[in-house]
1. Just a yes or no: is a residue in region 208-224 in a strand (DSSP E or B) and not small (Gly, Ala, Ser)?
2. Just wondering, is there one or more residues in region 128-138 that are surrounded by 18 or more Cβ atoms within 10 Å (Cβ to Cβ) and touching a Ser or Thr at 6+ places or on another chain (Cβ under 7 Å)?
3. Being more than 16 Å from the ligand (Cβ to nearest atom), out of contact with any helix residue (DSSP H, G or I) (no Cβ under 8 Å at 6 or more places or on another chain) and either at negative phi or at pLDDT below 90 (or both): is that true of Gln124 here?
4. Can you name the residue in region 165-179 that is among the β-branched types (Val, Ile, Thr) and near the ligand (Cβ under 9 Å from one of its atoms) and, of all such residues, is modelled with the highest pLDDT?
5. Test Glu162 against the stated conditions and say whether it is modelled with pLDDT of 90 or more and away from the ligand (no atom under 12 Å from the Cβ).
6. Does Glu191 qualify as being more than 16 Å from the ligand (Cβ to nearest atom), at pLDDT below 95 and surrounded by fewer than 15 Cβ atoms within 10 Å (Cβ to Cβ)?
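The values are calculated or read from the model by the stated rules, or taken from the named source; none is laboratory data. These figures come from a predicted structure and were not determined experimentally. Neighbour counts are summed over all protein chains in view; Cβ atoms, including those assigned to glycine, are modelled from backbone coordinates with ideal geometry.
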Amino acid sequence: MDASRSLEKKEYNEAAVRTAASLESARSEIFQSFKGREIKPDRLFRFDRTGLGVAREYERMGNRPVSQALQERADRLGFTLEHIGLTIGSVVHGIDLRGGPDEESIRFVRDTLLERKVVFFREQPLEEDELLAFGRCFGELDAFPFGQTGEDPFILEIRHDERYPGYENGWHTDVTWMECPSLGSIAQCIEIPPIGGDTLFSDSHACYLGLPVDLRDRLQHLHGINDYRNFLVAPAPGLPTELIERIKAEIPFGVHHPLLRTHPETGKTALYLHGGFLRHDSLYDERTGEALEKSEAEEIVRRLLQQHQRPEYVCRFRWEPGSIAFWDNRAVQHYAASDYYPHRRILRRVTVSGDRPYYDPPPQEQALL
Ligand SMILES: [Fe+2]
């Protein structure tokens, strides 16, 4: 038969129906040999393996978005959970954050954050002092030296408009230039653009589990140097040299962190990097102190940042005035879509103090390699 011959429409459709029936029969035989939920990457011929990290993370979560114990607590407290991604992101409905929620509700928020990595709330018109008080329920707060503050210096105002376009559109986890980067960030929406302005969150645990084995192996003891100076100069070129020198004298820069981070509360491993602060050519093996070739280091950073942007790992949050997002910087990366220029977008943020990142490979994850 001439493979290049052209078919009449009717003839083509008859052949398509026959082909679909034959393929369905052949595939059903193959799939019948699968057992339960067992993942067999070599047989999932129609399943792009980049998504396997989500399946592995979900499996580790017991194949449910939250533990049964947490769901029972939600039911008892009268809260409803709306899950956005399979392994990441839930909206907590039915809670009022104004005036300081009770201790049990705070513990619930904290535990939901640990299980879901980022939690959202709707219709929470908190004043600045109430947002500060809510943040302090989870620990001390960090002041942010490089942005516009609210009335209180612990409030960061994230304001973009025609004169000052949004620039947080790169995958990152916050403030990795700090020796002890913030545990989490809590942002409240004050004003949204008419279209756009969403924030996207990516599951750094699932991203890690979805990496090819050779890359996971290579990352095991790699560290990199994080530096805020690009961030300081890039949004406003032309800052006086004396001012930059004074800041450098006051705020330390050049801190090293591992590319893999053990979550201090859940014990899970996450990819840990900020594409803007990490010097892409600065990777070295922490055991020997040996630096990687520039080309290899840059290639590794590129692949890790690319992993976070895969849609399988991402949940997307549409802001409304009064919406609040609380993300765990030890478990997720985020990306503010800068798709609303010249419109205005205003958020308020507080950050909860964290600890020094470390990597301690747990035995069960070693077995996954
Ligand atoms: Fe950020």
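1. Checked against the condition, which is being in a strand (DSSP E or B) and not small (Gly, Ala, Ser), region 208-224 yields at least one hit.
2. Checked against the condition, which is being surrounded by 18 or more Cβ atoms within 10 Å (Cβ to Cβ) and touching a Ser or Thr at 6+ places or on another chain (Cβ under 7 Å), region 128-138 yields no hits at all.
3. Values: more than 16 Å from the ligand (Cβ to nearest atom): yes; out of contact with any helix residue (DSSP H, G or I) (no Cβ under 8 Å at 6 or more places or on another chain): yes; either at negative phi or at pLDDT below 90 (or both): yes.
Answer is yes for this residue.
4. Here is the first cut: in region 165-179, the residues among the β-branched types (Val, Ile, Thr) are 173, 175-176.
The next check asks that each one be near the ligand (Cβ under 9 Å from one of its atoms); those that pass are 173, 175.
Numbers: Thr173: 93, Val175: 90.
Once the filter is applied, the top-ranked residue is Thr173.
5. Yes.
6. no
Listed here are the residues, each with its yes/no results for (1) out of contact with any Phe, Trp or Tyr (no Cβ under 9 Å at 6 or more places or on another chain); (2) at pLDDT below 90; (3) basic (Lys, Arg).
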{"position": "Glu8", "(1), (2), (3)": "yes, yes, no"}
{"position": "Val17", "(1), (2), (3)": "yes, no, no"}
{"position": "Ser22", "(1), (2), (3)": "yes, no, no"}
{"position": "Arg60", "(1), (2), (3)": "yes, no, yes"}
{"position": "Ala69", "(1), (2), (3)": "yes, no, no"}
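Matching residues to (1) within 16 Å of the ligand (Cβ to nearest atom); (2) at pLDDT below 95; (3) touching a Pro at 6+ places or on another chain (Cβ under 7 Å); (4) not aliphatic (A, V, I, L, M):
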site: Leu278; (1), (2), (3), (4): yes, yes, no, no
site: Ser282; (1), (2), (3), (4): no, yes, no, yes
site: Glu299; (1), (2), (3), (4): no, no, no, yes
site: Leu305; (1), (2), (3), (4): yes, yes, no, no
site: Arg310; (1), (2), (3), (4): no, yes, no, yes
site: Arg316; (1), (2), (3), (4): yes, no, no, yes
site: Glu320; (1), (2), (3), (4): no, no, no, yes
site: Arg344; (1), (2), (3), (4): no, no, yes, yes
